[in-house]
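Chemist: Just dropping this structure here.
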Amino acid sequence: MAPGEINDSDRWAAETEAHMTDEERVSLLHGVMNLPFPGFDMSSMPADAVPGAGYVHGVPRLGVPSLRETDASLGVTNPDGVRPNDTATAFPSSLALAASFDPTLARRVGEVLGREAKQRGFNVLLGGGVNLARDPRNGRNFEYLSEDPLLSGVMAGEEVAGTQSQGVISTVKHFSLNSLETNRLTANAVLDLKTHRESDLLAFEIAIERGQPGAVMGAYNRVNGEPCCGSDTLLNKVLKGAWKFPGWVMSDWGAVGGWEFALNGLDQQSGSQLDRRVWFDGPLKDALRDGGLPRDRLSDMVRRILRSMHAVGLTAPAPPHAHGGRAVVVPEEGDALALEVARSGIVLLKNDGLLPLDSKIVSLAVIGGRARTGVLSGGGSAQTMPPGGWTASIPVGGEGPMASLRVERWFGSTPVRELTLAVQNASIEYDPGAYPEDAEALARRCDAAIVFAARHEMEGFDIPNITLPYGKDEVIARVAKANPNTIVVLETGNPVAMPWLDSVKAVIAAWYPGQKGAQAIAEIIAGKVNPSGRLPMTFPKQASDSPRPELPGLGARQWTPTTITYPEGADAGYRWYARKGIAPLFPFGHGLSYTMFARSGLKVSGGDTIRASFTVANTGAREGSDAAQLYLTSINGSPEKRLIAFKRVTLGPGESTKVEVEADPRLLAHYHPDAQQWSIAGGSYAVALAADAADAGIAGEAKVDARKFGA
């Protein structure tokens, strides 16, 4: 269905809204957090209210259900165990999912998230994190997908589509430029509309087109002085105007500053206890009575919500939901899928022939990372409680609104146990890595050493740099000096500086690997699984190589206004490094395998866009998966680095397959705000079929027609 096309959902929404009273209309426009807040009586909530992130009253007499909302970027959350004994699948971080370069996998994750949300009585899933990972210090990058608009948009769109196929509305969030957490409520992101449309907004546009989410969630920050949840530019002009988005815009929790936000495109106030007032109740009614809020705007707000309810299936008859604190058994499919995502998304960054471990390694030192406790997860509103609960909860502390949630949560089976099962010919000894001397002594007497290096990151806090905390670099350096067969396993939500890189044999980026992460890590080390992840973010040598050498707002008190500038413009991530000629530590798209792949036969054609075909062959001795990447490299001789297509393929030894891809024309174009059009310059467009963003690859070229299109 084309954006803006009238269909049954539009008609149902219009007819239903026409029969509502104003009290009923306004009741749909604000919600509360159904959690034990001071001064909030959860016992007063209706019987259908499920304890969770949000609740919006329905209109039962007209068949309008309540909206029961849950955080679920990485799994259906259960804040503070408010639903007793209710656990859910804890998936690896979104970065790990994106590292698979596998849209089909993203859709399957969305399906499981939708099913598990529905089992608990939720019908809105606050997922779909699309923000580009522009800064390697953003504490919330683990919830997002990548630094590239195509990869982020495609993966987010598929996950959203998967969730909504289960009859659960999904959002995309946080709209837009929520790229840092430091003083996010007072931060102002400065970026012109042209480059915004070509980067972060393009990622949202692709995700919305592909997934057709029922709702878009605004962000806490401002963009060019406008609060995102009350931005006429973002909400009215771009989202609802240029893109003709038919769904509704909800605020982030505590991000509404007045009823006037409704005039600027916001349709619903979320988590109203966190705002100074319930602006979309009494003040909105007053504005309607006084003429400040046009009646047709009130109808539009309501109809957008109703339309999404009907389009996703919330108004269709359904079996009774499981409500309240009743335990729901986590399906086995969730456990298996969490393992598959971890296996597909873990990235082998370096391997000097040590991995997979062979039978000559009969003694193995495992050091640090609480490897006898579990695997680390990212924190904040996305924190999931896996089956069996957390194996450890360690308060970190700090100041600010999210400080009470700043707790390291560890879960899953432990790396030590899984390594014992996977590497059966080796005896394993463990040292916690608290003292470099102890770690060094253990490493010296073993055939190989594995150092687990974990760094806790979370919503509400950024990291000041990309080094490892608590002296972990010294531990790794001392272990590597004592044992030439040293492997480093990183459990982080961002890139890591590696001053010890030349001294170790192998490095694995495991991200936050989810409830089955320890098993996936051990299987890759033992060679039972062939690593296939590719970096969705550039790993710089140091944070100062990135566009903002110092973290904006570093050291400022809470609520201090902070301005974040974006000198990279649309050239986020690998595009910045290409433009500046800065060599990264590991480039976007990089990832090693235990087999080898050859790409050949590149044929490129032009016209209205670029189409390419090529062959990928597995020239090694074992099955493996490759992520073929097609980059635009120049336009009429002027350098222009952009990922324009990708394809994951799985091949057995000696197998090959032909791949055909087509570039979204927007990836070949520039946006012109004054004309409100995309424009392709036309002429000679050079491309490269490459292993990663820094690989010269196989060159190709095509003539592309000049044209203008879209809005």
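Chemist: If you scan segment 246-270, which residues turn out to be over 17 Å from V32 (Cβ atoms), in contact with a strand residue (DSSP E or B) (Cβ under 9 Å, 6 or more places away or on another chain), in a loop (DSSP other than H, G, I, E, B) and open to solvent by 10 Å² or more (accessible area, probe 1.4 Å)?
Modeler: Result: G257, N264.
Chemist: Enumerate the pairs (first residue in segment 594-618 and closer than 13 Å to L630 by Cα; second residue anywhere and outside any strand (DSSP E or B) and at pLDDT 95 or above) with beta-carbon separation below 6 Å, excluding pairs fewer than 6 apart on the same chain, so at least 6 apart or on different chains.
Modeler: Hits for this filter: I610/A663.
Chemist: Then there's this: Please state which of the following conditions R210 fails to meet, knowing it meets all the rest: (1) open to solvent by 20 Å² or more (accessible area, probe 1.4 Å); (2) part of a loop (DSSP other than H, G, I, E, B).
Modeler: Only one criterion is unmet by R210, namely (2).
Chemist: Would you mind telling me which numbered condition in (1) closer than 24 Å to W253 by Cα; (2) open to solvent by 10 Å² or more (accessible area, probe 1.4 Å); (3) under 13 Å from the mean Cα position of the chain (by Cα) F142 fails?
Modeler: Result: F142 passes all but (2).
Chemist: Looking at G241, is it assigned to a loop (DSSP other than H, G, I, E, B) and in contact (Cβ under 8 Å) with a residue 12 or more places away in the chain? Talk me through it step by step, then tell me what you get.
Modeler: Working: assigned to a loop (DSSP other than H, G, I, E, B): no; in contact (Cβ under 8 Å) with a residue 12 or more places away in the chain: yes.
No; evaluated as a whole, the condition is false for this residue.
Chemist: Return yes when A47 is touching a residue at least 24 places away in the same chain (Cβ under 8 Å) and either over 30 Å from A518 (Cα atoms) or not in a helix (DSSP H, G or I) (or both) and no when it is not.
Modeler: Details: touching a residue at least 24 places away in the same chain (Cβ under 8 Å): yes; either over 30 Å from A518 (Cα atoms) or not in a helix (DSSP H, G or I) (or both): yes.
Answer is yes for this residue.
Chemist: I would also like to ask the following. Anything in segment 165-178 that is of a type outside the set (G, A, S) and surrounded by fewer than 24 Cβ atoms within 10 Å (Cβ to Cβ)? List them, or say none.
Modeler: So the first thing to find is which residues in segment 165-178 are of a type outside the set (G, A, S), and the list is 166, 168-169, 171-175, 177-178.
The one that is of a type outside the set (G, A, S) and surrounded by fewer than 24 Cβ atoms within 10 Å (Cβ to Cβ): Q166.
Chemist: Out of the residues in segment 57-79 that are surrounded by fewer than 24 Cβ atoms within 10 Å (Cβ to Cβ) and among the hydrophobic types (A, V, I, L, M, F, W, C), state the one that is farthest from S381 (Cα to Cα).
Modeler: L62
Chemist: List pairs: first residue in segment 382-405 and among the basic types (K, R), second residue at pLDDT 95 or above anywhere in the structure, Cβ distance under 9 angstrom, at least six positions apart or on different chains.
Modeler: none
Chemist: Any chance segment 271-290 includes a residue that's surrounded by 20 or more Cβ atoms within 10 Å (Cβ to Cβ), in contact (Cβ under 8 Å) with a residue 24 or more places away in the chain and within 28 Å of the chain's Cα centre (by Cα)?
Modeler: Yes, segment 271-290 contains at least one residue that is surrounded by 20 or more Cβ atoms within 10 Å (Cβ to Cβ), in contact (Cβ under 8 Å) with a residue 24 or more places away in the chain and within 28 Å of the chain's Cα centre (by Cα).
Chemist: When only residues in segment 660-711 that are among the charged types (D, E, K, R) and part of a loop (DSSP other than H, G, I, E, B) count, which is farthest from G637 (Cα to Cα)? Give the steps one after another, and end with the answer.
Modeler: Applying the first criterion (among the charged types (D, E, K, R)) to segment 660-711 yields 660, 662, 664, 666, 674, 692, 695, 701, 703, 705, 707-708.
Next, from what is left, pick out any that are part of a loop (DSSP other than H, G, I, E, B): 664, 674, 692, 695, 705.
Working: D664: 21, D674: 26, D692: 21, D695: 18, D705: 16 Å.
Per the stated criteria, the residue is D674.
Chemist: Go through (1) at pLDDT below 95; (2) open to solvent by less than 10 Å² (accessible area, probe 1.4 Å) for A88 and report which single condition fails.
Modeler: Failing condition for A88: (1).
Chemist: For residues in segment 91-105 being of a type outside the set (A, V, I, L, M) and under 15 Å from Q515 (Cα atoms), which is surrounded by the most Cβ atoms within 10 Å (Cβ to Cβ)? Before the answer, list the steps.
Modeler: Our first condition is that a residue be of a type outside the set (A, V, I, L, M); within segment 91-105, this holds for 91-94, 100-104.
From the residues that got through so far, the ones that are under 15 Å from Q515 (Cα atoms) too are 91-94.
Working: F91: 31, P92: 34, S93: 31, S94: 36.
Ranking the candidates gives S94 first.
Chemist: Of the residues that make up segment 584-596, is at least one open to solvent by less than 10 Å² (accessible area, probe 1.4 Å) and either under 22 Å from the mean Cα position of the chain (by Cα) or among the acidic types (D, E) (or both)? Show your work before the answer.
Modeler: Here is the first cut: in segment 584-596, the residues open to solvent by less than 10 Å² (accessible area, probe 1.4 Å) are 588-589.
Keeping just the survivors that are either under 22 Å from the mean Cα position of the chain (by Cα) or among the acidic types (D, E) (or both) gives 588-589.
Yes, segment 584-596 contains at least one residue that is open to solvent by less than 10 Å² (accessible area, probe 1.4 Å) and either under 22 Å from the mean Cα position of the chain (by Cα) or among the acidic types (D, E) (or both).
Chemist: In segment 354-378, what residues are farther than 27 Å from F91 by Cα and assigned to a strand (DSSP E or B)?
Modeler: S363, L364, A365
Chemist: Do any residues in segment 672-694 that are more than 24 Å from L602 (Cα to Cα) have Cβ atoms under 6 Å from those of residues that are open to solvent by 20 Å² or more (accessible area, probe 1.4 Å) and of a type in the set (A, V, I, L, M), where the two are at least six apart or on different chains, and which pairs are they?
Modeler: Final answer for the pair search is P673/L193; Q676/A711.
Chemist: Filter segment 651-687 down to residues that are acidic (D, E) and under 25 Å from A207 (Cα atoms) and give me whichever is surrounded by the fewest Cβ atoms within 10 Å (Cβ to Cβ). First the steps, then the outcome.
Modeler: First, the residues of segment 651-687 that are acidic (D, E): 655, 660, 662, 664, 674.
From what's left, under 25 Å from A207 (Cα atoms): 660, 662, 664, 674.
Details: E660: 11, E662: 14, D664: 19, D674: 7.
Selected residue: D674.
Chemist: Quick check on D192: is it open to solvent by 20 Å² or more (accessible area, probe 1.4 Å) and more than 30 Å from K118 (Cα to Cα)?
Modeler: On the way: open to solvent by 20 Å² or more (accessible area, probe 1.4 Å): yes; more than 30 Å from K118 (Cα to Cα): yes.
The answer is yes for D192.
Chemist: Moving on to the next point. Criterion first (touching a residue at least 12 places away in the same chain (Cβ under 8 Å), of a type in the set (V, I, T) and surrounded by fewer than 24 Cβ atoms within 10 Å (Cβ to Cβ)) does V82 satisfy it?
Modeler: Yes; evaluated as a whole, the condition is true for this residue.
Chemist: Separate question: Identify, by number, the condition in (1) assigned to a helix (DSSP H, G or I); (2) of a type outside the set (G, A, S); (3) open to solvent by less than 10 Å² (accessible area, probe 1.4 Å) that R108 doesn't meet.
Modeler: Of the numbered conditions (1) assigned to a helix (DSSP H, G or I); (2) of a type outside the set (G, A, S); (3) open to solvent by less than 10 Å² (accessible area, probe 1.4 Å), the odd one out for R108 is (3).
Chemist: Go through the residues of segment 21-44 one by one and say whether even a single one is touching a residue at least 60 places away in the same chain (Cβ under 8 Å), within 23 Å of L314 (Cβ to Cβ), assigned to a loop (DSSP other than H, G, I, E, B) and open to solvent by 10 Å² or more (accessible area, probe 1.4 Å).
Modeler: no
Chemist: Looking at segment 410-438, which of the residues that are within 22 Å of R343 (Cβ to Cβ) and among the charged types (D, E, K, R) is nearest to the chain's Cα centre (by Cα)?
Modeler: By that ranking, first place goes to E418.
Chemist: While we're on this one: Considering only residues that are assigned to a loop (DSSP other than H, G, I, E, B) and out of contact with any Asp or Glu (no Cβ under 9 Å at 6 or more places or on another chain), look in segment 62-86 and name the one that is nearest to A117 (Cα to Cα). Working first, answer last.
Modeler: Step one: filter segment 62-86 for residues assigned to a loop (DSSP other than H, G, I, E, B), giving 63, 65-66, 72-78, 82-86.
With out of contact with any Asp or Glu (no Cβ under 9 Å at 6 or more places or on another chain) added as a condition, the list becomes 63, 82-86.
Working: G63: 21, V82: 15, R83: 13, P84: 16, N85: 15, D86: 11 Å.
Among them, the one singled out is D86.
Chemist: Just checking, which of G471, G433 is closer than 26 Å to P386 by Cβ and modelled with pLDDT of 95 or more?
Modeler: On the way: G471 fails: closer than 26 Å to P386 by Cβ.
From the options G471, G433, the qualifying one is G433.
The values are calculated or read from the model by the stated rules, or taken from the named source; none is laboratory data. Values in this document were obtained by computation on a predicted structure and should not be read as measured data. Positions of Cβ are backbone-derived with ideal geometry, glycine not excepted, and every protein chain shown enters the neighbour counts. Surface areas here come from the heavy atoms of the whole protein model, side chains and all, with no ligands, DNA or RNA. Shrake-Rupley method; radii C 1.70, N 1.55, O 1.52, S 1.80 Å.
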